[in-house]
Amino acid sequence: MTFEIVTPTGIVYQAENVNSVTLPTTSGELGILPGHIPLTAEIEPGEIDVETSAGTTKLAVDKGYARVLADRVSVLAEAAIDVKAIDLSAVEDAQKRAEAALEAARHQKEIDPAELERLEAVARFAIAQKLVKSKH
Amino acid sequence: MAKGLREIRNRIRSVTNTGQITRAMQLVASSKMRRAQDAATSGRPYAMLLSRILATALRGLDLSGDFSHPLMQERPVKTRGIVVIATDKGLCGGLNSNLFRFLNKNVPAGTPAKFFTVGKKATQFVARSKRDLVADFTVSDRVNFSEVRPIGEFLIKEYLAGTIDTIEIVLSQFKNTIVQVPTMATLVPLGNLEERMQAQFAAQGKKEEFKLLEDDREMSFAPDAGTILEGLPALFFKQSLYQAILEAKASEQSARMVAMKAATDNAKNLVDSLSLEYNKARQAAITNEINELAASNAG
């Protein structure tokens, strides 16, 4: 089974000969084994576990979609990061900045909803990264 | 004679200076070009996967019942919405003028249409040709998704409000460093996905055919196709717009690099021929002086 994560900046993670993948879907955690039926699922910000014979890799993803087809698991997300690469202080800084900006924005009436959405994405992804990191 | 010499010398100096400037611009453009080309090609897998997920979700719904999304519904076109993507700066050869000629041909003046522009040159052109310009945007050279998002939101809002009945983009599609092709594509309503992706692939110079559905086994959905499909068309539209802007940026930097290289080569040739002329004139002046001396000695 092959596994890949695709974001707007390109394919950020790829693995061959994967034994199992655990995906954080909106309807709960979902384990995918080789030979799974074709499936399209919506993904919440959270943790993806990729298990190969070399060990388990944990990745934090933002919300997106996953597709299982012909022994190939593809995840489409706005952002993804390897748990080992997560720098918690940087994450906290990003989260604080985004939350402060969100708070300031809520008090203003004239705020661009697109900007608000972008800030929410930053805060959301930061929280997902922290959750995943704190578990290990 | 001395005056002629000085004139030639001044010209050599000014042409050399111009050559140095164009050479610097060529170097800047070539490094930006590499980055822009990388960005344009690395965005393609995302576009492909997104279109495939959208296609499978649509097919899933086709089987289970009827569904209509405002961005996918065709409606009678009264006013076209056209997004023109051009550069901010000039000095990129015929890139913009080719694009605008293409636009003039495909959307003759007088067509009921509203225009949106990305890039200063596009704004100038639309305003000068007295077309109905609604909004102009600029994006940085290293454009990222969050810069494009508000443009997409704005266009969707206009479309849903009914001010425009289509969203079409006009851009210089990047093929390779030498070739950029003016292209026009309709993004909304999202029509035939497969045709669209194939056209995009052909424009990018890919040989193999793009297939949206590689497998005809039945797809299951979690939670269900309707929920998954809700946000997808808007995301797909914004992604297509982002990709288009990336392609336009890659085209711009490539065209600028080629134009500046040509200018640098021209300057070099000009300096060469001017130097030859200068040396000839100098030689003639010296010969003349010797002749005069010899004549005066003999006398």
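The values are calculated or read from the model by the stated rules, or taken from the named source; none is laboratory data. Computed from a predicted structure; not experimentally measured. Backbone-built Cβ (ideal geometry, glycine too); neighbour counts: all protein chains shown. Just the protein is used for accessible areas: all its heavy atoms, side chains included, with ligands, DNA and RNA removed. Shrake-Rupley method; radii C 1.70, N 1.55, O 1.52, S 1.80 Å.
Taken together, the residues in segment B:108-132 that are in contact with a Lys or Arg (Cβ under 6 Å, 6 or more places away or on another chain) and loosely packed, with under 13 Cβ neighbours inside 10 Å amount to 1.
Got a sec? Which of B:LEU270, B:LEU235 is more than 24 Å from B:GLY43 (Cα to Cα) and surrounded by fewer than 23 Cβ atoms within 10 Å (Cβ to Cβ)?
Working: B:LEU235 fails: more than 24 Å from B:GLY43 (Cα to Cα).
One residue alone meets the criteria, B:LEU270.
Of the residues A:SER74, A:SER89, A:SER53, which single one is touching a strand residue (DSSP E or B) at 6+ places or on another chain (Cβ under 8 Å) and surrounded by fewer than 17 Cβ atoms within 10 Å (Cβ to Cβ)?
Numbers: A:SER74 fails: surrounded by fewer than 17 Cβ atoms within 10 Å (Cβ to Cβ); A:SER89 fails: touching a strand residue (DSSP E or B) at 6+ places or on another chain (Cβ under 8 Å).
Going through A:SER74, A:SER89, A:SER53 in turn, the sole match is A:SER53.
In segment B:160-180, what residues are over 23 Å from B:LEU99 (Cβ atoms) and not small (Gly, Ala, Ser)? Within segment B:160-180, B:LEU160, B:THR163, B:ASP165 meet the criteria.
In segment A:1-20, the residues that are under 17 Å from A:ASP71 (Cβ atoms) form Cβ pairs under 6 Å with partners that are part of a loop (DSSP other than H, G, I, E, B), at six or more places apart or across chains, as follows: A:MET1/A:PRO34; A:MET1/A:ASP71; A:THR2/A:GLU16; A:VAL18/A:MET1; A:SER20/A:LEU33. Among the residues of segment B:125-151, those identified as among the polar types (S, T, N, Q) and under 16 Å from the mean Cα position of the chain (by Cα) are B:THR138, B:SER140, B:ASN144. Do we find that B:GLY191 is free of Cβ contacts under 8 Å to residues at least 12 places away in the same chain and assigned to a loop (DSSP other than H, G, I, E, B) in this structure? Considered against the rule, which asks whether it is free of Cβ contacts under 8 Å to residues at least 12 places away in the same chain and assigned to a loop (DSSP other than H, G, I, E, B), B:GLY191 comes out as no. Looking across segment B:140-163 at every residue that is away from chain A (no Cβ under 13 Å) and surrounded by fewer than 19 Cβ atoms within 10 Å (Cβ to Cβ), the one that is nearest to B:MET33 (Cα to Cα) is identified as B:ASP141. Scoring A:PHE3 on the criteria (1) assigned to a strand (DSSP E or B); (2) away from chain B (no Cβ under 14 Å); (3) surrounded by 15 or more Cβ atoms within 10 Å (Cβ to Cβ); (4) not acidic (Asp, Glu) leaves a single failure, condition (2).
If you go through segment A:6-41 and keep only what is touching a Phe, Trp or Tyr at 6+ places or on another chain (Cβ under 9 Å), buried (at least 18 other Cβ atoms within 10 Å of the Cβ) and closer than 24 Å to B:GLY231 by Cα, you end up with A:VAL6, A:THR7, A:PRO8, A:LEU39, A:THR40, A:ALA41.
State which residue is modelled with the highest pLDDT when the search covers only segment B:184-234 and only residues that are polar (S, T, N, Q) and touching a Phe, Trp or Tyr at 6+ places or on another chain (Cβ under 9 Å). Full working, then the answer.
Step one: of segment B:184-234, the residues polar (S, T, N, Q) are B:186, B:192, B:198, B:200, B:204, B:220, B:227.
Among the residues that remain, those that are also touching a Phe, Trp or Tyr at 6+ places or on another chain (Cβ under 9 Å) are: B:198, B:200, B:204, B:227.
Values: B:GLN198: 68, B:GLN200: 67, B:GLN204: 61, B:THR227: 78.
Residue satisfying both the conditions and the ranking: B:THR227.
Residue selection: A:GLU44 fails the criterion of being closer than 19 Å to B:ALA47 by Cα and open to solvent by 30 Å² or more (accessible area, probe 1.4 Å).
Can you tell me which residue in segment A:88-103 is nearest to the chain's Cα centre (by Cα), limited to those that are among the small types (Gly, Ala, Ser) and at pLDDT below 80?
Here is the first cut: in segment A:88-103, the residues among the small types (Gly, Ala, Ser) are A:89-90, A:94, A:98, A:100-101.
Of the ones still in play, those that are also at pLDDT below 80 are A:89-90.
On the way: A:SER89: 19, A:ALA90: 17 Å.
So, considering only residues that are among the small types (Gly, Ala, Ser) and at pLDDT below 80, the one nearest to the chain's Cα centre (by Cα) is A:ALA90.
Within segment B:121-130, the presence of a residue that is in contact with an Asp or Glu (Cβ under 8 Å, 6 or more places away or on another chain) and aromatic (Phe, Trp, Tyr) is excluded. The set of residues from segment A:8-40 being more than 11 Å from chain B (Cβ to nearest Cβ) and in a loop (DSSP other than H, G, I, E, B) comprises A:GLU16, A:ASN17, A:LEU33, A:PRO34, A:GLY35.
Pairs meeting the criteria (first residue in segment A:40-61 and farther than 17 Å from A:LYS130 by Cα, second residue assigned to a strand (DSSP E or B) and among the charged types (D, E, K, R), beta carbons under 6 Å, at least 6 apart or on different chains) are A:THR40/A:ARG67; A:THR56/A:ASP49.
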